[in-house]
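Working notes, structure below.
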Amino acid sequence: MTARVFFRRSFIVCGSLIAVAGYWGLANLQITLNGSSSLPETAYLQWHWPQILWHGAVVAIEPPAVFHGRLDGMAVVKRLEGMPGDRIDHQGHSVCVVDRCYGPLFEDSEPFAPLLDEGEIPEGKVALFGDAANSFDSRYASFGLISVEDIQAVGIALDGFPHWTEVAAWLGLPH
């Protein structure tokens with residue numbers, strides 16, 4: 001094989017790989033901006049496929065029914081901390097899973113809403129939590145466990161990404 005044929009074939013193969021990767025990226029990747037204080041990061045790189053789940057993944061879900069249409073068209077972004085087979089326990093007023101505990105928001109010295117029941121997370125369900133004490137998430141029974149089928153995207157935090165209000169200001173959008 002001559003050098004010319006080798007380089008031509010290499011160019012075709014590399015170009016094809018770049019085209020496939022680009023198509024996958026355009027079809028499956030999204031940057032999700034964090035509009036709340038429930039997680040410390042301001043943005044996440046998320047993908048729709050493949051949805052490989054792991055402890056600590058940041059997932060986007062359609063708002064659970066408890067939000068009653070207040071977040072229509074938006075996604076709720078939380079950290080996946082409980083997987084099928086993991087145990088949910090209570091330590092005092094905290095909900096604990098995989099050696100991490102999440103305390104509730106208090107109102108009149110009691111949790112402001114009933115806590116998630118103790119027990120094993122069933123197959124097809126996950127527990128999602130925010131890092132902030134005021135995060136409305138799986139620590140509360142009304143948010144509950146989320147069906148794996150309701151996960152829209154999974155991903156990781158983007159360090160150093162500007163806050164959504166800065167992005168809105170740059171684009172001239174109200175914030």
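Would a scan of segment 148-170 turn up a residue that is touching a Pro at 6+ places or on another chain (Cβ under 6 Å) and either assigned to a loop (DSSP other than H, G, I, E, B) or under 25 Å from E41 (Cβ atoms) (or both)? Checked segment 148-170: no residue is touching a Pro at 6+ places or on another chain (Cβ under 6 Å) and either assigned to a loop (DSSP other than H, G, I, E, B) or under 25 Å from E41 (Cβ atoms) (or both). Test of understanding: among S38, S94, S109, which residue is open to solvent by 80 Å² or more (accessible area, probe 1.4 Å), among the hydroxyl-bearing types (S, T, Y) and closer than 23 Å to S142 by Cβ? Just a single option satisfies the conditions, and that option is S109. Checked against the criterion of being among the basic types (K, R) and over 22 Å from L45 (Cα atoms), the candidates K125, K78 yield just one match: K125. Taken over segment 58-78, the residue count meeting the criterion of being among the hydrophobic types (A, V, I, L, M, F, W, C), open to solvent by 20 Å² or more (accessible area, probe 1.4 Å) and in contact (Cβ under 8 Å) with a residue 60 or more places away in the chain is 2.
Checking I31, I52 one by one, the residue that is touching a residue at least 24 places away in the same chain (Cβ under 8 Å), among the β-branched types (V, I, T) and either open to solvent by less than 80 Å² (accessible area, probe 1.4 Å) or assigned to a strand (DSSP E or B) (or both) is I31 and no other. No other residue among E123, E81 is among the acidic types (D, E), surrounded by 14 or more Cβ atoms within 10 Å (Cβ to Cβ) and either outside any loop (DSSP other than H, G, I, E, B) or touching a residue at least 24 places away in the same chain (Cβ under 8 Å) (or both) apart from E81. Count of segment 92-119 residues, restricted to those that are without any contact (Cβ under 8 Å) to a residue 12 or more places away in the chain and touching a Ser or Thr at 6+ places or on another chain (Cβ under 8 Å), is 1.
The values are calculated or read from the model by the stated rules, or taken from the named source; none is laboratory data. Bear in mind that the values here come from a model prediction, so they are computed numbers and not experimental data. Cβ coordinates were reconstructed from backbone atoms using ideal geometry, including for glycine residues, and neighbour counts include every protein chain displayed. The accessibility values were calculated without ligands, DNA or RNA, using every heavy atom of the protein model including side chains. Shrake-Rupley method; radii C 1.70, N 1.55, O 1.52, S 1.80 Å.
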